[in-house]
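Everything below concerns the one structure shown next.
The values are calculated or read from the model by the stated rules, or taken from the named source; none is laboratory data. Quick caveat, the model's predicted, so the values are computed rather than measured. Counting neighbours? That spans all protein chains shown, and the Cβs are built from the backbone with ideal geometry, glycine included. Please note that ligands, DNA and RNA were not included when accessible areas were found on the heavy atoms of the full protein model with its side chains. Shrake-Rupley method; radii C 1.70, N 1.55, O 1.52, S 1.80 Å.
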Amino acid sequence: MTTSAHDFLFELLETPSPTGFETAGQRVWTQYVDGFADDVDSDSYGTAWAVVHGAHDDAPRLMLDAHVDEIGYMVRHITDEGIIYVNRIGGSDRAIARGQRVRLLGDDGEVLGVVGNTAIHLRDRNDESIPKVHELFVDIGADSAEDVAERGIRVGHPMVMDMSPAHLTESRITARAIDNRLGGFIMAEVLRRLAAQDDPAAWTCIATNSVQEEIGGHGAKMITHRLQPNAAIAFDVTHATDSPGISATQHGQIKLGKGPTVTHGTSNHPQVVQGLMQAAEAHDIALQHEPSSRRTGTDTDSIFRVRAGVPSALVSVPLRYMHSTVEVVDTEDIEQCIEWLVAFVNNLEADAAFDSGL
């Protein structure tokens, strides 16, 4: 990873982008891709996309998709004493919320706060229960509701955990929101490398950084309907199951640092998956395999069923401790994923078509 790419990834991870409030994250992403993409644009709900044109004006279109939004919380109620109560945005884990430092995104900018944690001395020591979401309270140092309002905070403002990215080792990064700021990073790097080639690929490549995946894949559905790609690859993270307490028989065996994954079944078109596997084999990319027996739980589920159907596949990078403040990823898996997708795009022939095989 180059220094500029590393700095871009860390800026993406540092920038809050909770579901429904993705503008700040999209600005970071679009500013970066504008340096090499042929076109950059966005839709009315904030999904952004960047294009690297193929060899011909009528080249078929491959859409690369990831989601820019992250989980978080939203201000639900402010007491007369200036204490803030919240709702969840997406699948935020209430089990780890208490005692965390947070950033509220208010009208006048970010406001620092903490999720209150009553001292163990003052709690019932036999009570080890996890607080319900409506029991979590946020302290921003205010003494009244008026103080909170003067800080630019009201009901409806979003909040994220205050956890900056850092290196555990040279190759392993920890941060909040690696899910799925990482997908936006991978797409941008794929486009950058395609744009730098002497000979353009046969297919036009469109990277879409979609909004609102964490609450249903809404942005991906809207942008797929708009762009009508001939095929699509969705990027996300997947559960690395190699940390303690996870059953491989129940959740499969996916290891950190052993390469990206390709998913089989449901929304994953067999011919697209086959093309991905062939590109990986030809370029010595280590692949791990995942099943999807019902749905993937990613933007792939929204993309593949638009209009008459878009041949799609899901590519993922293993991640430990998903939906926490200490997600962990391996940069070797990231690099393998970027190389793999560049190879896949370059392998696509102008007359390639993905059909039912019947």
For Gly54, residues with placed amide H under 5 Å, excluding near neighbours: Thr204, Cys205
Reduced to Cα centres, the span from the range 326-358 to the range 265-323 in Å works out to 9
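What's the ranking of 339-348, 228-237 by average number of surrounding C-beta atoms within 10 Å, highest first?
228-237, 339-348
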Checking a compactness column here: for the range 232-358, what do you get for Rg(Cα) / (2.2 N^0.38 Å), N being the number of residues? 1.07
Can you work out the Karplus-derived ³J(HN,Hα) for every residue in the range 43-51? Use 6.51 cos²θ - 1.76 cosθ + 1.60 with θ = phi - 60°, whole Hz, and x for glycine or proline. 9, 5, 9, x, 5, 10, 9, 9, 10
Karplus 3J(HN,Hα) series, Hz, for the range 89-95 with 6.51 cos²θ - 1.76 cosθ + 1.60 (x for Gly, Pro): 10, x, x, 5, 8, 5, 5
Counting only residues 5 or more places away or on other chains, whose amide H sits under 5 Å from the amide H of Val102 once H atoms are built in the peptide plane? Gly113, Val114, Val115, Asp162
Connecting C-alpha atoms closer than 10 Å in a GNM of the chain, tell me which of Pro16, Pro318, Pro244 has the biggest fluctuation. Pro244
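Could you order the peptides 152-162, 328-338 from most to least packed, using the average number of other C-beta atoms within 10 Å per residue? All intermediate terms of the calculation are to be shown ahead of the outcome.
Details: 152-162: 18.7, 328-338: 21.2.
Answer by packing, highest mean first, reads 328-338, 152-162.
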Projected area, mean over directions - the chain, Cα convex hull, nm²: 19.8
Relative contact order in percent for the range 177-308 (Cα pairs under 8 Å, 6+ apart) equals 26
Ordering 303-313, 289-299 by per-residue average of other C-beta atoms within 10 angstrom, highest first, gives 303-313, 289-299
If you consider only alpha-carbon coordinates, what radius of gyration and Dmax does the range 269-344 have, in Å? 13.9, 40
Compute the distance from the alpha-carbon center of the range 217-232 to that of the range 122-143, in whole Å. 42
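If I take every Cα pair under 8 Å that is 6 or more residues apart in the range 68-163, average their sequence separation and divide by the length, what percent do I get for the relative contact order? Write down the numbers at each step before the final one.
On the way: 187 pairs, mean separation 40.6, N = 96.
42 percent.
Please sort by residue number the trypsin sites (Lys or Arg not before Pro) in the range 63-150 whose DSSP state is loop and whose Cβ has at most 12 other Cβ atoms within 10 Å. The partial results should precede the final answer.
Numbers: sites: Arg76, Arg88, Arg94, Arg98, Arg101, Arg103, Arg123, Arg125, Lys132; in loops: Arg98, Arg123, Arg125, Lys132.
Answer in residue order: Arg123, Arg125, Lys132.
At 222 nm, what value in deg cm²/dmol follows for the chain if DSSP H runs of at least 4 each add -39500 (n - 2.57) and the sum is divided by all its residues, to the nearest 500?
Details: 9 runs with 95 residues, N = 358.
Dividing the helical sum by the residues of the chain leaves -8000 deg cm²/dmol.
With the full set of protein chains in place, find how many percent of the accessible area of the chain is carbon and sulfur; take the probe as 1.4 Å.
After summing per-atom areas, the C and S share lands at 47 percent.
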Starting from the Cα gyration tensor of the range 20-89, multiply each eigenvalue by 5, take the square root, and state the resulting semi-axes largest first in whole Å. 39, 12, 8
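Out of every Cα-Cα pair in the range 32-157, what percent are more than 17 Å apart?
Every Cα pair in the range 32-157 considered, those over 17 Å come to 68 percent.
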Remind me, relative contact order of the chain in percent, using alpha carbon pairs under 8 angstrom and six or more residues apart? 22
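With the other protein chains left in place, how much accessible area per residue, in square angstrom, belongs to the chain at a 1.4 angstrom probe? Working shown, then result.
On the way: 16550 Å² over 358 residues.
For the chain, the per-residue accessible area is 46 Å².
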